Structure formats: structure tokens, C-alpha cells
Amino acid sequence: MTGTGERHAVVVGGSLAGMLTALVLSAHARVTVVERDRLDDPAGAGPRPGIPQARHTHVFVEGGQLALESLLPGILGELSARGALPVGMPYDMVQHQSGRWYERFAASTRLLSCTRALLDTVVRERVLAEGGVELLAGTEVTGLVGDAERVRGVRVRKRGAAEDPYEIEADLVVDASGRSTRVPTWLGEIGAEAPDQETIDTGQGYATQLYRPRPDAEDTGYHCLYFLPDTEQPLTGVVLRVEGGLWVASLSGPRGSEAPTDPAAFLDFARRFPHPYLREWLSTMEPLGSVHSNRSTANIRRYYERPGRRPAGLLAIGDALCAFNPIYGQGMTVAAQQAVALRKVLGAAGTGGRGAGGAVTGGRGDAAPGGRRFGRGGRRTRDVQRVLAGVTETAWAISAGADRAIPGVESTGPGPNALDRLTGRYLRRVAAIVPGDPGAGRHYRSVLSLTAPPARLLHPRVALPALFRAPRATPGEPPLVVEGWRGGEG
Ligand SMILES: Cc1cc2nc3c(=O)[nH]c(=O)nc-3n(C[C@H](O)[C@H](O)[C@H](O)COP(=O)(O)OP(=O)(O)OC[C@H]3O[C@@H](n4cnc5c(N)ncnc54)[C@H](O)[C@@H]3O)c2cc1C
């Protein structure tokens with residue numbers, strides 16, 4: 001408890017995981033989000049240095065949308081009203097994989113497409129409007145205060161100001177500072193142990209360009225053009241319509257095939273895809289600004305839930321806990337699902353109001369809502385951490401499982417075993433039937449959208465055609481036109 005008697009939680013990082021965590025904690029404590037970036041762009045949005053990945057395509061799959069809506073009811077409607085688009089899969093998409101174009105069947109799930117700037121702005125506005133959360137922007141956390149038994153706060157410094165660094169007392173500190181978190185190092189500074197870390201790095205290199213259609217351009221008959229990689233073809237290309245009539249194109253490839261940022265080389269790179277349509281599409285659009293790259297794409301998992309000399313009162317969430325290769329489009333969804341899980345484990349948020357039911361925090365022997373106790377050398381904190389880690393399992397199985405088998409991958413964990421190789425073979429059979437099979441595709445997409453567990457891929461509707469039938473015929477050319485197409489409605 002702080003000096004005032006009120007419980008206080010500090011969240012490090014004010015991006016998606018940080019703001020949603022703050023919202024959940026605010027039902028139980030006063031919350032301060034400390035964010036290094038200034039966030040004072042007059043338009044209230046726009047790319048910022050702390051989340052360089054925000055310039056690249058960000059799809060928000062259905063599992064994440066459901067989680068976000070349950071945390072902030074009405075937010076999906078608000079995002080749509082501000083220009084975010086539902087992208088029906090596969091109805092609104094032109095997709096190519098392993099030499100085949102997907103049929104554009106009626107949608108079984110929808111992506112939400114908008115820029116990260118729009119998503120983050122709307123989430124931040126909504127969370128701050130709920131009350132109970134203070135945002136300290138332009139302020140950097142530089143270390144933890146406490147010892148190996150218990151974290152008691154953070155050390156911060158105002159960026160660009162002459163003021164001395166100072167400390168903020170807290171009963172609970174949550175690390176939501178993203179994949180480059182320095183918390184493992186800071187743990188060493190207070191005499192505690194960093195968590196075990198597993199890294200699986202394919203060296204995926206992104207390059208992204210924003211586009212505007214030329215004034216005389218006809219509207220496309222789809223919202224997304226998507227080239228998927230396979231064992232023979234390592235490149236990924238996503239072209240996505242976002243708010244304001246703009247499009248974002250992200251091209252990427254693993255180590256040795258990274259997409260370049262020189263504009264001419266970027267266009268040339270598009271020639272390496274297995275069909276000329278991608279290159280043609282890019283050359284009909286008007287590029288805006290420069291091509292941006294991102295190479296921070298490794299799968300990184302930090303095992304805080306494992307035994308170790310770590311203090312009570314510290315949690316990790318979002319990319320700071322587990323970051324994924326972004327080609328699988330999972331990070332934002334897992335962050336939102338973790339916030340929902342945190343709400344559940346702490347007791348129903350909003351039922352008793354702020355401070356009701358006791359502490360959410362890490363103080364030794366404090367009673368948390370629902371009678372849970374934190375503290376005792378981190379034992380209870382670790383229970384919560386275990387729940388958060390559990391939320392990452394499906395997404396980790398998808399991205400780490402696939403990436404372990406990529407040639408040239410650099411990994412600190414075990415390589416693929418016999419079971420992984422068998423699973424890989426089965427998944428390739430599934431991927432081969434999905435473009436022409438709406439029933440199998442529905443189950444496949446529910447797993448990729450993080451609304452169903454991987455076991456769903458053993459459903460007879462998937463397993464039987466995958467194992468015993470030849471893939472059905474699919475379009476020979478890009479299916480650019482669907483009669484009567486009305487985006488998002490199929
Ligand atoms: C190229 C690329 C494409 C991606 N595409 C997708 C996609 O299509 N779909 C999807 O779901 N996910 C995607 N992701 C993942 C997604 O960006 C993250 O999962 C998501 O941003 C949630 O992360 P976070 O809130 O945990 O961390 P971040 O968004 O990385 O935010 C961390 C925050 O902490 C702040 N911070 C850092 N250090 C400090 C400090 N010391 N003090 C104070 N503040 C600090 C930063 O300024 C930042 O605001 C992509 C990622 C990359 C790299």
C-alpha cells in the first residue's frame with residue numbers, strides 16, 4: 001500500500017497491452033501508466049518511436065476483437081465509425097498459397113483492419129475516459145525499486161527535462177513495455193533472477209509502404225491481397241485496405257530474403273512472388289512517404305511462471321511476456337485475451353468498483369479480490385503469471401511450431417522433434433485443401449483467429465479431406481471479382 005492507504009499499480013508502457021491491463025487493474029486500484037513516448041501529436045495519433053511496428057500491416061483477428069469488446073463494450077462500433085473495416089475471410093480477400101488461389105467463399109470470420117495509430121488512439125481514449133487510470137507520457141521507467149522478495153515501485157525520469165530521476169511507489173508493477181523489455185536486466189539489479197527466455201528467430205524482415213489509389217483508379221473488388229509462404233516459397237505479402245481510403249502493403253521474407261526499403265528495390269522484390277499480380281497492384285497505386293523496415297520479429301517467450309528467485313508484485317504481459325513472429329498476426333489478440341484473463345483471475349472487474357474487495361497488488365499477505373493473496377516471495381504473483389502465460393499457448397504453438405522448421409532459423413530452444421515433423425506434414429495437407437473447401441476452411445480459420453484451440457484441426461471435417469481427398473480445383477487466376485461484392489458483408 002502507498003502512504004495514502006490506497007493501493008497503487010504502475011504499468012510500464014502505454015501501448016495496447018499496457019492500456020488494457022490498466023483498465024482491468026483500475027477496478028481494484030489506482031493505476032499509473034508510465035509511457036516513454038510523448039503522445040502529444042496534435043492529431044492525437046500517428047506513428048511514434050516506441051512502437052515502430054505500428055507502420056506495418058496489423059490485422060486484428062476475431063479472438064482479439066471479442067476480447068477487446070468484452071473489455072470496452074461498443075469499441076468495435078466506434079472503430080468502425082472511425083474507418084476501421086471488417087474484412088471477411090475468405091470473402092473479402094484475394095489469397096494465394098502453394099500455387100493456388102483461394103475460392104472466395106462466404107466469410108466464416110472477419111479481420112478488423114485499420115492502422116495501429118487508430119486502434120491505439122481509440123483504446124487509449126476509451127480507457128482514460130473510464131477513469132482511475134493516470135497516463136504519465138514522456139516518462140521513461142529506468143529500473144525497479146525493491147529487492148528479490150518484493151518490488152515496491154519503479155525509477156523514472158521525465159524525458160527531455162532537467163528534473164532529477166525519481167521513484168514511484170507501487171504495490172504492483174506490470175511490465176507491458178514490449179518485446180525489447182529491460183525488466184529481465186532490472187531484476188538482476190535488485191538481486192533477483194531474470195526468467196528463462198526462449199527465442200526462435202527466422203530473421204523475418206518486413207518492409208512496408210503506405211499507398212493511396214490514383215484518382216482515376218477503379219475500386220478493387222476486395223479488401224486484402226495476401227500471398228502466404230510455404231515450404232517452397234518463403235515470402236509473405238499482405239496488402240490491406242485501412243481507414244481513410246488508404247492501403248498498407250507489407251512484404252517480408254526470412255533471413256536472406258528480407259524485403260528491402262529502397263523504393264525501386266521494394267517494387268523489384270514484389271517480382272519474386274509467385275504471381276505477377278502483386279507487382280502490378282503496387283505499381284498502379286500512389287506511394288505515400290517512404291518504405292519502412294522492421295526486423296524485430298523473433299518469437300520470444302519469457303518463462304516468468306517457472307521457479308526462480310523473483311519478487312512478488314511484478315507481472316509481465318503482452319509482448320514483454322511473449323512476442324510472436326508477426327506474420328501470424330497474433331500479438332495484439334493475445335494481449336487483449338491476457339487482459340480478459342487478468343480480469344477473471346483478479347475477480348470480476350467492475351462489480352465492486354475501484355478498491356472493492358481488497359488488493360490486486362503484490363504486497364506480502366495482501367488479500368486480493370476474490371480472496372486471493374499475493375506476495376509470499378512471489379508465489380501468488382506467479383499464479384497470476386501462470387494464467388497469463390497459459391493464454392499465450394495456442395499462439396505460441398502456431399508460430400513457434402511453424403518457425404522451428406524454417407531453414408536458417410536461430411533458436412535457443414529445442415529443434416523440431418518427430419511429433420513436430422508429423423504435425424508439420426499434417427498441417428501442409430490441411431493448408432492444401434483449405435483454399436477449395438469452405439467447411440475445412442472454417443475450422444482452420446477459427447484456429448488462426450484464436451477463437452478455437454489447435455485440436456479443432458483434427459475435426460473430421462478437416463481431417464478426412466486432408467488425409468484422404470485430393471484438393472478441390474481452385475481459380476486459375478486471381479479471383480478479383482465476386483458478383484455483387486459488398487465488402488465486409490459476405
Ligand atoms: C512488423 C510487425 C507487424 C505486426 N503485425 C501484427 C498483426 O498483424 N497483428 C497482431 O495482432 N500483432 C501484430 N504485431 C504484434 C503487435 O505489434 C504487438 O503484439 C502489440 O503491439 C502489443 O504489444 P505490447 O503492448 O505488449 O507492446 P508494444 O506495442 O511494443 O508497446 C510497448 C510500449 O512500451 C513503451 N515502453 C518501452 N519501454 C519503456 C520504458 N522503459 N518506460 C516507459 N515506456 C516504455 C513503448 O514506448 C511502447 O508504447 C506486429 C508486430 C510487428 C513487429
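The values are calculated or read from the model by the stated rules, or taken from the named source; none is laboratory data. Remember, it's a predicted structure, so these values are computed and weren't measured experimentally. In this analysis, Cβ positions are derived from the backbone assuming ideal geometry, glycine residues included, and neighbour counts consider all displayed protein chains. Areas reflect the complete protein model, heavy atoms only, side chains present, ligands, DNA and RNA absent. Shrake-Rupley method; radii C 1.70, N 1.55, O 1.52, S 1.80 Å.
Overview of results
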read-out	value
Condition check for E6: at pLDDT below 95 and either open to solvent by 20 Å² or more (accessible area, probe 1.4 Å) or acidic (D, E) (or both)	yes
Segment 24-58 - residue that is within 15 Å of the ligand (Cβ to nearest atom), open to solvent by 20 Å² or more (accessible area, probe 1.4 Å) and over 23 Å from V242 (Cβ atoms) and, of those, modelled with the highest pLDDT	R36
Residue count, segment 237-248 (criterion: open to solvent by 20 Å² or more (accessible area, probe 1.4 Å) and either in contact with a helix residue (DSSP H, G or I) (Cβ under 8 Å, 6 or more places away or on another chain) or on the phi > 0 side of the Ramachandran plot (or both))	3
Qualifying positions in segment 96-116 - on the phi < 0 side of the Ramachandran plot and away from the ligand (no atom under 15 Å from the Cβ)	H96, Q97, R100, W101, Y102, E103, R104, F105, A106, A107, S108
Any hit, segment 325-344, residues being within 16 Å of the ligand (Cβ to nearest atom) and assigned to a strand (DSSP E or B)	no
Among residues of segment 249-308, those that are acidic (D, E), part of a loop (DSSP other than H, G, I, E, B) and open to solvent by less than 70 Å² (accessible area, probe 1.4 Å), counted	2
So V156, is it open to solvent by less than 10 Å² (accessible area, probe 1.4 Å), closer than 22 Å to L23 by Cβ and among the β-branched types (V, I, T)	yes
Subset of segment 124-157 that is within 15 Å of the ligand (Cβ to nearest atom) and charged (D, E, K, R) - its residue that is nearest to P307 (Cα to Cα)	R155
Strands (runs of 3 or more DSSP E) wholly inside segment 2-118 containing at least 2 residues that are of a type in the set (V, I, T) and in contact (Cβ under 8 Å) with a residue 40 or more places away in the chain	8-12, 30-34
Considering residues of segment 383-426 that are part of a helix (DSSP H, G or I), among the charged types (D, E, K, R) and open to solvent by 40 Å² or more (accessible area, probe 1.4 Å) only, the residue farthest from E305 (Cα to Cα)	R425
Conditions (1) surrounded by 23 or more Cβ atoms within 10 Å (Cβ to Cβ); (2) part of a loop (DSSP other than H, G, I, E, B); number of the one not met by V127	(2)
From L480, L457, residue being open to solvent by less than 80 Å² (accessible area, probe 1.4 Å), out of contact with any helix residue (DSSP H, G or I) (no Cβ under 7 Å at 6 or more places or on another chain) and farther than 12 Å from Y102 by Cβ	L480
Segment 162-190, residues that are open to solvent by 80 Å² or more (accessible area, probe 1.4 Å) and either at pLDDT below 95 or within 13 Å of the ligand (Cβ to nearest atom) (or both)	A162, E163, D164, P165, S180, R182, T185
For E103: the one exception among (1) open to solvent by less than 40 Å² (accessible area, probe 1.4 Å); (2) within 20 Å of P438 (Cβ to Cβ); (3) touching a Ser or Thr at 6+ places or on another chain (Cβ under 9 Å)	(1)
Single condition Y206 does not satisfy, out of (1) open to solvent by 60 Å² or more (accessible area, probe 1.4 Å); (2) within 16 Å of the ligand (Cβ to nearest atom)	(1)
